[in-house]
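Novice: After the structure tokens below, expect a handful of questions from me.
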2 protein chains.
Amino acid sequence: MQKHCRIFLTTCLLTPLLACQSPPKPENIVAAQLQQSALTSNLAYELVESLTVEVGPRLAGSNKDLVAVHWAENKLNQLGFDKVYKEAVQVPVWSRGSAKAELISPYPQPIVITALGGSIATPTQGITAPIVRFDSLATLELAPADSIKGKIVFIDDVTKRYITGKGYSETVGGRSKGAVAASKKGAVAIVIRSIGTDHDRMAHTGMMRYQDGITKIPAAAMSNPDADQINLMLKRDPNVVLTLTMSPQSQGDSTSYNVIAEVTGSSKPEEIVLIGAHLDSWDEGTGAIDDGAGVAIVTAAAKLIQQLPNKPARTIRVVLYAAEEVGIIGAKAYAKAHKHELAKHYIAAESDFGAGSIYQIDYRVNEANLGALHQLSAVMTNNGLILGSNTASGGPDVSILPAQGVPVASLKQDGRDYFDYHHTPNDTLDKIDPAALQQNVAAYVQFAYLMAQSDVELRPIATTQ
Amino acid sequence: MQKHCRIFLTTCLLTPLLACQSPPKPENIVAAQLQQSALTSNLAYELVESLTVEVGPRLAGSNKDLVAVHWAENKLNQLGFDKVYKEAVQVPVWSRGSAKAELISPYPQPIVITALGGSIATPTQGITAPIVRFDSLATLELAPADSIKGKIVFIDDVTKRYITGKGYSETVGGRSKGAVAASKKGAVAIVIRSIGTDHDRMAHTGMMRYQDGITKIPAAAMSNPDADQINLMLKRDPNVVLTLTMSPQSQGDSTSYNVIAEVTGSSKPEEIVLIGAHLDSWDEGTGAIDDGAGVAIVTAAAKLIQQLPNKPARTIRVVLYAAEEVGIIGAKAYAKAHKHELAKHYIAAESDFGAGSIYQIDYRVNEANLGALHQLSAVMTNNGLILGSNTASGGPDVSILPAQGVPVASLKQDGRDYFDYHHTPNDTLDKIDPAALQQNVAAYVQFAYLMAQSDVELRPIATTQ
């Protein structure tokens with residue numbers, strides 16, 4: 001006991017961040033060391049630099065997507081993980097082609113647009129029609145069809161800036177469901193205000209969906225300044241006519257891969273702590289914040305655990321998902337391929353929200369044990385996190401796992417500038433703050449380590465409100 | 001005397017901003033009133049909104065350039081100036097066509113470029129060659145030709161951010177003179193880092209020049225993130241190969257116009273206070289900050305003087321120059337057409353630096369009388385200006401007048417964000433702060449009024465250092 005106290009006092013002096021009311025738990029000492037290692041490591045930045053420079057844009061199903069898979073396998077092998085493997089995923093192939101739009105009347109001038117992912121092309125000569133404007137998807141859905149028939153629908157929903165990024169969720173329905181809603185009422189095309197918080201003359205792409213039995217119409221987004229411009233024209237003349245010319249193409253399916261690496265658990269190797277990100281990106285930027293950052297964060301975090309002299313109990317599994325942008329296709333394939341072992345997934349979390357600092361961790365676990373889990377996670381507050389709610393989604397690819405009973409966590413990043421760059425040509429390396437990236441790695445490595453050592457029973461998970 | 005003191009005291013109480021050491025001069029009372037009118041007027045914002053929405057891009061020599069001339073004549077007539085007229089100017093016609101660039105090796109990916117104004121096209125199949133990088137135009141000029149022959153020159157000069165915008169002057173030589181310097185040493189094309197302070201994935205266009213007897217080569221600019229990207233590739237592999245495909249075209253000359261409005265002076269109508277801006281713009285934005293703002297500022301300022309019950313002594317002449325962007329062609333035509341009356345130009349100033357607040361006024365006048373001029377201008381300090389040096393250029397179009405003996409002033413704007421947007425698609429209305437625009441109008445109306453009333457002899461002007 002005396003000896004224990006001496007060790008305890010020494011540890012307190014050496015690690016002043018740890019509370020000294022009770023002897024620090026061994027996992028907290030390791031977690032604190034991992035935090036320091038993460039905050040002084042350049043590995044994540046080197047990874048995202050390598051991915052964006054040596055691969056760059058990597059649209060699911062494109063040639064560059066396979067270059068990215070090859071890059072990921074090589075990197076994970078070079079980093080010396082216990083296991084590296086890939087799993088085939090069938091993904092749709094869509095190519096952007098060109099997209100142009102020109103206001104014809106009342107004041108002729110070009111506007112900046114981009115095709116939404118999955119859109120069909122216009123005829124070669126384009127589509128020329130008057131614009132009909134709606135505040136939101138909801139107002140479009142309520143509008144009478146005769147005001148829409150033969151027109152180009154313009155959904156003019158402004159994305160608001162929040163730390164949580166919830167402005168995106170509030171408006172993205174117009175992007176994903178707008179074409180179907182517009183087509184049902186006879187529209188010939190749809191061009192939405194970009195789902196983005198910036199004032200750059202860049203349009204934000206992103207996936208849209210068609211529906212069987214509803215005529216497919218071309219779908220695009222215009223930049224925020226162009227949406228402002230059209231509003232100023234509509235104030236002067238309600239008859240604003242646009243010509244839209246786009247040549248995207250769907251080209252069947254192709255094979256991509258989920259790329260996976262593992263740090264094998266020391267005593268419960270069959271139990272899995274999954275930390276994920278997605279490897280694919282949109283094609284107009286270099287996929288730095290979406291989701292090169294996530295790839296770098298979870299890989300660098302796992303590498304720090306791989307380097308530990310004593311591996312944690314559970315296996316850390318890094319999953320670099322295929323084809324997130326085009327419909328979380330890699331995630332669905334993973335859930336199917338690993339159905340037999342989902343019961344062994346202790347918890348899962350995904351980094352897919354850029355490189356802003358993490359300010360909060362939410363869980364979705366057994367409500368009765370949230371307190372115990374918070375006690376275990378308390379050391380993470382030294383890295384700037386607060387312990388949040390029990391309503392986590394886990395991130396896009398991971399969000400389908402709770403339906404299978406898998407507990408998840410959301411390490412919530414400051415998203416105030418994420419939707420300035422998201423899904424635009426502006427998603428490039430210079431948008432990443434290296435210090436914030438290190439803070440992310442620190443959070444993920446602590447999370448992964450603590451979860452891999454945890455004695456808290458996380459199941460059954462809380463039902464959603 | 002008693003009566004005078006009573007009036008003086010009353011004025012002091014009513015206008016607390018004026019110094020009360022001596023009775024305020026009548027022109028200072030009017031100047032203070034004009035400031036208040038300017039700071040509460042929306043006219044300038046309405047003008048720049050109208051120009052950018054109803055005309056938009058207006059490249060010199062294009063159809064839209066003539067739409068802009070028509071717009072300007074109409075607006076100036078509607079505003080009720082004493083005189084409105086236009087003067088023909090022959091301008092070169094150049095159309096941008098398309099511009100694409102693709103890194104071929106070592107890491108294939110597209111980069112974002114734009115053709116520089118005046119550039120020739122590449123062959124249809126493009127030009128494919130290795131890149132050779134230089135820090136600046138100066139290092140290119142010093143380099144041995146055998147390192148350049150057959151290559152694409154990349155001038156990688158970073159534009160620094162200053163309130164004065166001097167980062168632009170430090171780097172713009174690479175844009176204007178780079179093609180000649182590169183071609184002299186056998187380069188097949190030149191692609192410079194954009195002359196711009198932003199991190200947007202947008203390239204900054206702007207004029208370049210060829211030289212008789214030197215082979216013309218295609219010239220383009222790449223965005224700052226793309227320049228960073230190429231540097232990261234060059235660190236990995238010195239052999240970076242680019243394919244450049246551009247289709248700009250020069251199409252001879254066409255007629256444009258300087259559009260001019262006047263407030264006739266009450267007692268010295270033949271003497272002129274010139275306040276100018278340029279009506280043309282580059283073609284990729286809507287020409288809001290360059291130079292819709294200037295057009296709006298000087299027009300709104302002159303309108304406030306037009307409305308005065310007692311017009312000032314000299315004539316205020318608003319000159320909206322043609323074809324500034326493509327070589328201050330309207331300015332040269334003005335200087336030629338008005339040669340006979342340049343001796344009657346009391347002073348000239350141009351607003352062509354966006355819509356940032358004015359923080360300083362510089363003059364270029366008779367050095368012996370600068371003190372007297374500063375005394376006259378002291379009221380402008382109430383609008384946030386400091387009284388600066390005697391080394392003004394007057395603004396691009398006005399800068400050729402001092403060689404003819406004409407005094408000039410520079411109302412220096414805060415240019416810290418100007419080169420974020422300058423000459424890009426991002427030059428749109430949303431980049432203008434309405435309050436800063438009003439402050440500009442206040443400065444210009446005070447300047448124009450005080451100069452039109454001034455008794456200070458401004459000639460002969462100071463020689464430059």
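Novice: Tell me which of these B:Ile195 doesn't satisfy, since it passes every other one: (1) in contact with a Gly (Cβ under 8 Å, 6 or more places away or on another chain); (2) over 28 Å from A:His199 (Cα atoms).
Specialist: (2)
Novice: Quick check: anything in region A:188-196 within 14 Å of chain B (Cβ to nearest Cβ), out of contact with any strand residue (DSSP E or B) (no Cβ under 8 Å at 6 or more places or on another chain) and not in a helix (DSSP H, G or I)?
Specialist: Within region A:188-196 (the criterion being within 14 Å of chain B (Cβ to nearest Cβ), out of contact with any strand residue (DSSP E or B) (no Cβ under 8 Å at 6 or more places or on another chain) and not in a helix (DSSP H, G or I)), the answer is yes, since at least one residue qualifies.
Novice: Regarding region B:147-166, can at least one residue be identified that is touching a residue at least 12 places away in the same chain (Cβ under 8 Å), on the phi > 0 side of the Ramachandran plot and either surrounded by fewer than 23 Cβ atoms within 10 Å (Cβ to Cβ) or under 29 Å from the mean Cα position of the chain (by Cα) (or both)? Talk me through it step by step, then tell me what you get.
Specialist: Quick first cut of region B:147-166, residues touching a residue at least 12 places away in the same chain (Cβ under 8 Å) only: B:147-165.
Okay, now just the ones that are also on the phi > 0 side of the Ramachandran plot, so B:150, B:165.
Okay, now just the ones that are also either surrounded by fewer than 23 Cβ atoms within 10 Å (Cβ to Cβ) or under 29 Å from the mean Cα position of the chain (by Cα) (or both), so B:150, B:165.
So far as region B:147-166 goes, yes, one or more of its residues are touching a residue at least 12 places away in the same chain (Cβ under 8 Å), on the phi > 0 side of the Ramachandran plot and either surrounded by fewer than 23 Cβ atoms within 10 Å (Cβ to Cβ) or under 29 Å from the mean Cα position of the chain (by Cα) (or both).
Novice: Another question about this same structure. Filtering region A:33-50 down to residues that are in a helix (DSSP H, G or I) and small (Gly, Ala, Ser), which residue is nearest to the other protein chains (Cβ to nearest Cβ)? If you could, list the steps in order and put the result at the bottom.
Specialist: In the first step, residues of region A:33-50 are kept if they are in a helix (DSSP H, G or I); the result is A:33-39, A:43-50.
Within this subset, residues satisfying the condition of being small (Gly, Ala, Ser) are A:37-38, A:44, A:50.
Values: A:Ser37: 25, A:Ala38: 23, A:Ala44: 16, A:Ser50: 9 Å.
So, considering only residues that are in a helix (DSSP H, G or I) and small (Gly, Ala, Ser), the one nearest to the other protein chains (Cβ to nearest Cβ) is A:Ser50.
Novice: What's the total number of residues in region A:433-446 that are within 15 Å of the chain's Cα centre (by Cα) and among the β-branched types (Val, Ile, Thr)?
Specialist: So the answer is 0.
Novice: Taking A:Asp420 as the residue in question, decide whether it is within 27 Å of A:Ile329 (Cα to Cα), within 14 Å of another protein chain (Cβ to nearest Cβ) and in a helix (DSSP H, G or I). Give the steps one after another, and end with the answer.
Specialist: Numbers: within 27 Å of A:Ile329 (Cα to Cα): yes; within 14 Å of another protein chain (Cβ to nearest Cβ): yes; in a helix (DSSP H, G or I): yes.
In short, yes.
Novice: All but one of (1) touching a strand residue (DSSP E or B) at 6+ places or on another chain (Cβ under 9 Å); (2) small (Gly, Ala, Ser); (3) surrounded by fewer than 20 Cβ atoms within 10 Å (Cβ to Cβ); (4) in a loop (DSSP other than H, G, I, E, B) hold for A:Gly56; which doesn't?
Specialist: (3)
Novice: Same structure again: Quick check: anything in region A:218-241 over 23 Å from B:Pro425 (Cα atoms), assigned to a loop (DSSP other than H, G, I, E, B) and in contact with a helix residue (DSSP H, G or I) (Cβ under 9 Å, 6 or more places away or on another chain)?
Specialist: Yes, region A:218-241 contains a residue that is over 23 Å from B:Pro425 (Cα atoms), assigned to a loop (DSSP other than H, G, I, E, B) and in contact with a helix residue (DSSP H, G or I) (Cβ under 9 Å, 6 or more places away or on another chain).
Novice: Return the only residue of A:Lys83, A:Lys100 being at pLDDT 95 or above and away from chain B (no Cβ under 14 Å).
Specialist: Working: A:Lys100 fails: away from chain B (no Cβ under 14 Å).
None of the other options fit; the residue is A:Lys83.
Novice: Looking only at residues in region B:423-465 that are part of a helix (DSSP H, G or I) and of a type in the set (Gly, Ala, Ser), which one is farthest from B:Arg58 (Cα to Cα)? Write out each step before concluding.
Specialist: First, pick out the residues of region B:423-465 that are part of a helix (DSSP H, G or I): B:429-431, B:434-453.
With of a type in the set (Gly, Ala, Ser) added as a condition, the list becomes B:435-436, B:442-443, B:448, B:452.
Working: B:Ala435: 26, B:Ala436: 24, B:Ala442: 27, B:Ala443: 27, B:Ala448: 28, B:Ala452: 32 Å.
Ranking the qualifying residues of region B:423-465, first place goes to B:Ala452.
Novice: May I ask you to verify whether B:Tyr363 is surrounded by fewer than 24 Cβ atoms within 10 Å (Cβ to Cβ), modelled with pLDDT of 95 or more, closer than 29 Å to B:Ala435 by Cα and more than 15 Å from the chain's Cα centre (by Cα)? Please lay out each step first, then the result.
Specialist: Working: surrounded by fewer than 24 Cβ atoms within 10 Å (Cβ to Cβ): no; modelled with pLDDT of 95 or more: yes; closer than 29 Å to B:Ala435 by Cα: yes; more than 15 Å from the chain's Cα centre (by Cα): yes.
So B:Tyr363 fails the test.
Novice: Suppose we filter A:Gly384, A:Gly388 for residues that are touching a residue at least 24 places away in the same chain (Cβ under 8 Å) and on the phi < 0 side of the Ramachandran plot; which single one remains?
Specialist: Details: A:Gly384 fails: on the phi < 0 side of the Ramachandran plot.
When all the criteria are applied, what remains is A:Gly388.
Novice: Inspect all residues belonging to region A:269-286 and state whether any of them is touching a residue at least 60 places away in the same chain (Cβ under 8 Å), away from chain B (no Cβ under 14 Å) and loosely packed, with under 15 Cβ neighbours inside 10 Å.
Specialist: Scanning region A:269-286 turns up at least one residue that is touching a residue at least 60 places away in the same chain (Cβ under 8 Å), away from chain B (no Cβ under 14 Å) and loosely packed, with under 15 Cβ neighbours inside 10 Å.
Novice: Looking at (1) in the same structural domain as B:Ala348 (by TED's automatic domain parsing); (2) buried (at least 22 other Cβ atoms within 10 Å of the Cβ); (3) more than 19 Å from B:Val55 (Cα to Cα), which is the only condition B:Ala322 fails?
Specialist: With (1) in the same structural domain as B:Ala348 (by TED's automatic domain parsing); (2) buried (at least 22 other Cβ atoms within 10 Å of the Cβ); (3) more than 19 Å from B:Val55 (Cα to Cα) applied to B:Ala322, the lone miss is (3).
Novice: Looking at (1) more than 30 Å from B:Met202 (Cα to Cα); (2) within 14 Å of chain A (Cβ to nearest Cβ); (3) not acidic (Asp, Glu), find the lone condition where B:Ile400 falls short.
Specialist: Result: B:Ile400 fails condition (2) only.
Novice: Let me ask you something else. Which residue pairs have Cβ atoms closer than 7 Å, lie 6 or more positions apart in sequence or on different chains, and pair a first residue in region A:54-78 that is in the same structural domain as A:Leu279 (by TED's automatic domain parsing) with a second residue that is in a helix (DSSP H, G or I) and among the acidic types (Asp, Glu)?
Specialist: A:Arg58/A:Asp65; A:Leu59/A:Asp65; A:Trp71/A:Glu54
Novice: Here is a follow-up. Scan region B:221-244 residue by residue and report those that are more than 12 Å from every other protein chain (Cβ to nearest Cβ) and surrounded by fewer than 24 Cβ atoms within 10 Å (Cβ to Cβ).
Specialist: B:Pro238, B:Asn239, B:Val241, B:Thr243, listed by residue number.
Novice: Same structure again: A:Gly174 versus (1) more than 14 Å from every other protein chain (Cβ to nearest Cβ); (2) under 26 Å from A:Thr424 (Cα atoms); (3) not in a helix (DSSP H, G or I): which is the lone unmet condition?
Specialist: (3)
Novice: Now, a different point. Counting only residues that are more than 13 Å from chain B (Cβ to nearest Cβ) and of a type in the set (Lys, Arg), how many does region A:197-214 have?
Specialist: Going through region A:197-214 one residue at a time, the tally reaches 1.
Novice: Could you tell me how many of the residues in region B:451-465 are of a type outside the set (A, V, I, L, M) and at pLDDT 95 or above? Outline the logic, then answer.
Specialist: Quick first cut of region B:451-465, residues of a type outside the set (A, V, I, L, M) only: B:453-455, B:457, B:459-460, B:463-465.
Now restrict to residues that are at pLDDT 95 or above: B:453-455, B:457, B:459-460.
Residues flagged as of a type outside the set (A, V, I, L, M) and at pLDDT 95 or above within region B:451-465 amount to 6.
Novice: Just give me the residues in region A:65-95 being surrounded by fewer than 21 Cβ atoms within 10 Å (Cβ to Cβ) and of a type in the set (Lys, Arg), in sequence order.
Specialist: A:Lys83, A:Lys86
Novice: Regarding region B:305-322, can at least one residue be identified that is in a helix (DSSP H, G or I) and closer than 21 Å to B:Ala44 by Cα?
Specialist: Yes, there is a match, as at least one residue in region B:305-322 is in a helix (DSSP H, G or I) and closer than 21 Å to B:Ala44 by Cα.
Novice: Moving on to the next point. Here's a check for you: in region B:108-132, which residue that is within 14 Å of chain A (Cβ to nearest Cβ) and among the aliphatic types (A, V, I, L, M) is farthest from B:Gly285 (Cα to Cα)?
Specialist: First, pick out the residues of region B:108-132 that are within 14 Å of chain A (Cβ to nearest Cβ): B:108-114.
Filter once more, keeping what is among the aliphatic types (A, V, I, L, M): B:111-113.
Numbers: B:Ile111: 20, B:Val112: 16, B:Ile113: 15 Å.
Per the criteria, the residue is B:Ile111.
Novice: Let me ask another. Which numbered condition trips up B:Asp433, out of (1) within 14 Å of chain A (Cβ to nearest Cβ); (2) buried (at least 21 other Cβ atoms within 10 Å of the Cβ)?
Specialist: Unmet for B:Asp433, out of (1) within 14 Å of chain A (Cβ to nearest Cβ); (2) buried (at least 21 other Cβ atoms within 10 Å of the Cβ): (2).
Novice: Residue by residue through region B:199-217, note down the ones that are more than 14 Å from B:Thr424 (Cβ to Cβ) and buried (at least 22 other Cβ atoms within 10 Å of the Cβ). Before you say what the answer is, go through the steps one by one.
Specialist: In the first step, residues of region B:199-217 are kept if they are more than 14 Å from B:Thr424 (Cβ to Cβ); the result is B:207-217.
Correct list: B:Met208, B:Ile217.
Novice: Name the residues in region B:51-75 that are touching a helix residue (DSSP H, G or I) at 6+ places or on another chain (Cβ under 9 Å), hydrophobic (A, V, I, L, M, F, W, C) and more than 11 Å from chain A (Cβ to nearest Cβ), would you?
Specialist: B:Leu59, B:Ala60, B:Ala68, B:Ala72 - these are the residues of region B:51-75 that are touching a helix residue (DSSP H, G or I) at 6+ places or on another chain (Cβ under 9 Å), hydrophobic (A, V, I, L, M, F, W, C) and more than 11 Å from chain A (Cβ to nearest Cβ).
Novice: Checking the condition over 18 Å from A:Leu34 (Cβ atoms), hydrophobic (A, V, I, L, M, F, W, C), touching a Ser or Thr at 6+ places or on another chain (Cβ under 7 Å) and modelled with pLDDT of 95 or more, which residue from A:Ala227, A:Ala313, A:Ala277, A:Ala331 passes?
Specialist: Details: A:Ala227 fails: touching a Ser or Thr at 6+ places or on another chain (Cβ under 7 Å); A:Ala313 fails: over 18 Å from A:Leu34 (Cβ atoms); A:Ala331 fails: touching a Ser or Thr at 6+ places or on another chain (Cβ under 7 Å).
Answer to the check: A:Ala277.
Novice: Run down B:Ser266, B:Ser254 and say which single residue is away from chain A (no Cβ under 14 Å), more than 30 Å from B:Pro309 (Cβ to Cβ), surrounded by fewer than 19 Cβ atoms within 10 Å (Cβ to Cβ) and of a type in the set (Ser, Thr, Tyr).
Specialist: Details: B:Ser266 fails: more than 30 Å from B:Pro309 (Cβ to Cβ).
Going through B:Ser266, B:Ser254 in turn, the sole match is B:Ser254.
The values are calculated or read from the model by the stated rules, or taken from the named source; none is laboratory data. Everything numeric in this text was worked out from a predicted model, so none of it was measured. Counting neighbours? That spans all protein chains shown, and the Cβs are built from the backbone with ideal geometry, glycine included.
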